[in-house]
1. Cβ-Cβ distance below 6 Å, separation of 6 or more or different chains: which pairs start in the stretch 157-168 with a residue that is over 15 Å from residue 84 (Cβ atoms) and end on one that is outside any helix (DSSP H, G or I) and away from the ligand (no atom under 12 Å from the Cβ)?
2. With respect to the numbered conditions (1) outside any loop (DSSP other than H, G, I, E, B); (2) surrounded by fewer than 21 Cβ atoms within 10 Å (Cβ to Cβ); (3) within 13 Å of the ligand (Cβ to nearest atom), which one is the sole condition not fulfilled by residue 38?
3. Looking for whichever is more than 12 Å from the ligand (Cβ to nearest atom), in contact with a strand residue (DSSP E or B) (Cβ under 9 Å, 6 or more places away or on another chain), outside any helix (DSSP H, G or I) and under 28 Å from residue 2 (Cα atoms) here; the options are 118, 82, 172. Which one fits?
4. Can you find even one residue in the stretch 121-143 that is within 16 Å of the ligand (Cβ to nearest atom), closer than 19 Å to residue 24 by Cα and surrounded by 12 or more Cβ atoms within 10 Å (Cβ to Cβ)?
5. Return yes when residue 75 is touching a residue at least 12 places away in the same chain (Cβ under 8 Å) and either more than 14 Å from the ligand (Cβ to nearest atom) or over 15 Å from the mean Cα position of the chain (by Cα) (or both) and no when it is not.
6. Within the stretch 85-111, which residues are within 11 Å of the ligand (Cβ to nearest atom), in contact with a helix residue (DSSP H, G or I) (Cβ under 6 Å, 6 or more places away or on another chain) and closer than 16 Å to residue 32 by Cα?
7. From the list 81, 99, pick out the single residue that is surrounded by fewer than 20 Cβ atoms within 10 Å (Cβ to Cβ), in contact (Cβ under 8 Å) with a residue 60 or more places away in the chain and within 27 Å of residue 133 (Cα to Cα).
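The values are calculated or read from the model by the stated rules, or taken from the named source; none is laboratory data. Being a predicted model, the structure only gives us computed values, none of them experimental. A quick note on method: Cβ atoms are made from the backbone with ideal geometry, for glycine too, and the neighbour counts reach across all protein chains shown.
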Ligand SMILES: Cc1cc2nc3c(=O)[nH]c(=O)nc-3n(C[C@H](O)[C@H](O)[C@H](O)COP(=O)(O)O)c2cc1C
């Protein structure tokens with residue numbers, strides 16, 4: 001069955017790996033719309049996601065919407081599944097608190113879709129009490145957490161926090 005997947009991409013070095021994820025969903029017959037945070041666009045251009053998803057990519061909350069309906073509401077109602085991959089510590093903290101200060105966090109607050117998150121970050125950020133608590137609270141609220149892997153991190157260190165990889169995330173959402 002064709003699923004409507006809203007993919008939120010946030011400002012992690014692993015953002016480029018989300019491009020492969022889009023390709024896997026599209027190959028599976030899913031429809032994908034990508035919302036990027038401004039920080040994510042520092043790592044990968046919207047053009048990559050627009051081409052792979054075959055849909056416009058949204059970043060700006062106050063850009064003119066496609067119809068009179070505000071874009072964050074249109075996207076929130078459109079999605080069957082909302083997946084944030086990679087999910088930064090910052091965006092997870094906002095989700096936990098209900099902060100809606102950009103297009104992605106507004107969509108995530110408004111949507112009734114099932115939400116998945118794939119945290120990716122440096123081990124210190126992941127093991128910080130705040131992040132651990134934020135992830136635990138999101139889990140309690142029914143958010144599905146795709147656990148980060150262990151290994152070499154982009155910051156040069158080794159430990160937990162690695163983006164789980166496109167195939168793993170695709171399998172988890174399936
Ligand atoms: C080179 C670089 C790599 C980063 N990688 C990560 C990361 O993997 N995970 C993370 O949580 N934050 C990472 N950050 C920090 C985030 O980009 C920063 O917290 C940003 O405000 C996140 O914004 P967003 O959640 O709106 O995307 C990185 C920053 C830089 C400069």
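1. Here the result reads 158/152; 160/150; 162/149; 162/151, each pair linking the stretch 157-168 to a residue that is outside any helix (DSSP H, G or I) and away from the ligand (no atom under 12 Å from the Cβ).
2. Condition not satisfied by residue 38: (1).
3. On the way: 118 fails: more than 12 Å from the ligand (Cβ to nearest atom); 172 fails: outside any helix (DSSP H, G or I).
Just a single option satisfies the conditions, and that option is 82.
4. Among the residues of the stretch 121-143, not one is within 16 Å of the ligand (Cβ to nearest atom), closer than 19 Å to residue 24 by Cα and surrounded by 12 or more Cβ atoms within 10 Å (Cβ to Cβ), which makes the answer no.
5. Values: touching a residue at least 12 places away in the same chain (Cβ under 8 Å): yes; either more than 14 Å from the ligand (Cβ to nearest atom) or over 15 Å from the mean Cα position of the chain (by Cα) (or both): yes.
In short, yes.
6. Residue satisfying the conditions is 86 alone.
7. Values: 99 fails: in contact (Cβ under 8 Å) with a residue 60 or more places away in the chain.
It is 81.
Listed here are the residues, each with its yes/no results for (1) out of contact with any helix residue (DSSP H, G or I) (no Cβ under 7 Å at 6 or more places or on another chain); (2) part of a loop (DSSP other than H, G, I, E, B).
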site	(1), (2)
44	no, yes
50	yes, no
56	no, yes
64	yes, yes
74	yes, no
